[in-house]
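The values are calculated or read from the model by the stated rules, or taken from the named source; none is laboratory data. Keep in mind that this is a model prediction, so the values were computed, not measured. All Cβ positions, glycine included, derive from the backbone under ideal geometry; neighbour counts span all protein chains shown. Just the protein is used for accessible areas: all its heavy atoms, side chains included, with ligands, DNA and RNA removed. Shrake-Rupley method; radii C 1.70, N 1.55, O 1.52, S 1.80 Å.
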Amino acid sequence: MKRYIYLLLSVFSLGFLFSGCDNDDDDVRNGNISVIGVSSDSDKKYISVEDDKTLQLEAFIMPKNKTSKITYSLTGTKSGTIEITSDGLITPLVKTPAEGDIPSPLGVDTIILTLDSDPSIFVKYPVRVYSHIKLVTSITLQPAGQFPEIKMGKTFNLSQYVTINPTNATEKGVTYTSSDESIATVDASGLITAKAVGEVTITIKTIDVRSGNVSAECKVVVKDDVINYVDLDRTGWSVTTSHPYVSDATVVGTPESLIDNGVGSTGKETCLSLYRPGKGNIPETDIVYFIIDMGSEKEFEYFRIRHRQDNTLQRLRVWGVSFYGSNNGSTFTEIAKNIVIPGAKEDASALESGNIAIPKSKYRYLKMTYDDYEYPSNSGTLQIAEFNLGKIVIE
């Protein structure tokens, strides 16, 4: 099957000469023959093809008034890596070995493209054949799967938090093993069953032996009682703000950006963005806040803030906040004042606050005021990417 690759190509100037004609260098004489799909590695240009595919080359001549046919052929010392037809169809001859290490590349041959009407105009490229097999390079665990706490007698599906890298790896199968099956067992699908109170390590390892010892570990704690933080479902919630929403070339969205858990139609992350007092015609004495209408009374006892992901500027963040609750939307009762958001001020890389406890409350409306933030002259807005409320469930 013919395969066409459309990538940026290398163009060589008229009369440009290369010294040397070894099997891993280009050589052009007295003209321009350019090939679509040329790659570059450490300043050397080459053509690559996988061992289970064919590749139809496409070339053109500059200047355009040179209309002669181009002939393709092998040149130099031939290794038996490929064969090529006179019209540029490359067929790999070497294949991935059935076992053992996989060379990269599997082999190299050099081709020459010659202008039929003037053989002094030509170009050479090494052709590298690579294995079609993509080896596993690493296994990563999402945060929720790194240190799970499981109540004795309960189960935990670890596999949903396992990612095989690269995503196009040929063999994605893994095995799971427990360091102590008296504390917790794990089956072939990654389902952990808690047996007794204690700590155990679950090892996830690729079954692709050619990838080597690629593995990851999960530290499991089995408890009599487990504390779970359960975020409230934000579907149907609405948000109003003390002052108009601010958007610009970077920040997009609406007040509901606070609870949309995503990016906008432009592909940019959405944020709740409001001018701070003293900016955007807002008096310095004003209080900036938002109010969430949850539609009905909800019980909650923690909150979590995620800062804007594509910057590391503390000056765009809120550091201290206060909370108030209401069931009629107009009369608010204090829930908690002057709460410090960990890391927002000190650590530019801290993107999410973690779950921050507040007094257990039950309200339909939640109001959060912006109490503490930086005042640099070049910063006008305060931005929050996501806001969550939740309750604690003890199993």
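Per-structure values
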quantity: When residues of segment 44-62 are limited to those that are under 15 Å from residue 95 (Cα atoms) and β-branched (Val, Ile, Thr), the one surrounded by the fewest Cβ atoms within 10 Å (Cβ to Cβ); calculated: 54
quantity: Of the criteria (1) in contact with a helix residue (DSSP H, G or I) (Cβ under 6 Å, 6 or more places away or on another chain); (2) on the phi > 0 side of the Ramachandran plot; (3) not charged (D, E, K, R), which one residue 387 fails; calculated: (2)
quantity: Whichever residue in segment 234-258 is among the hydroxyl-bearing types (Ser, Thr, Tyr) and over 21 Å from residue 369 (Cβ atoms) and, among such residues, is surrounded by the most Cβ atoms within 10 Å (Cβ to Cβ); calculated: 247
quantity: Pair list, Cβ under 8 Å, 6 or more apart: segment 77-99 residue under 16 Å from residue 49 (Cα atoms), other residue open to solvent by 90 Å² or more (accessible area, probe 1.4 Å); calculated: 89/2; 90/83; 91/83; 93/83
quantity: Among (1) within 25 Å of the chain's Cα centre (by Cα); (2) at pLDDT 95 or above, the one test that residue 220 misses; calculated: (1)
quantity: Given (1) over 30 Å from residue 209 (Cβ atoms); (2) assigned to a loop (DSSP other than H, G, I, E, B), number of the condition residue 74 does not satisfy; calculated: (2)
quantity: Test set (1) in contact with a helix residue (DSSP H, G or I) (Cβ under 9 Å, 6 or more places away or on another chain); (2) closer than 24 Å to residue 296 by Cβ - residue 355 fails condition number; calculated: (1)
quantity: Hits in segment 259-302 - residues which are part of a strand (DSSP E or B), touching a Ser or Thr at 6+ places or on another chain (Cβ under 8 Å) and either polar (S, T, N, Q) or open to solvent by less than 10 Å² (accessible area, probe 1.4 Å) (or both); calculated: 270, 272, 273, 274, 290, 292, 300
quantity: Subset tally (residues that are assigned to a loop (DSSP other than H, G, I, E, B), among the polar types (S, T, N, Q) and out of contact with any Ser or Thr (no Cβ under 7 Å at 6 or more places or on another chain)) for segment 235-258; calculated: 4
quantity: Residue satisfying condition, being buried (at least 19 other Cβ atoms within 10 Å of the Cβ) and out of contact with any Pro (no Cβ under 9 Å at 6 or more places or on another chain), within set 314, 309; calculated: 314
quantity: Output for segment 303-318, where each listed residue is assigned to a strand (DSSP E or B) and among the aliphatic types (A, V, I, L, M); calculated: 305, 318
quantity: Qualifying positions in segment 319-333 - open to solvent by 30 Å² or more (accessible area, probe 1.4 Å) and not in a loop (DSSP other than H, G, I, E, B); calculated: 324, 333
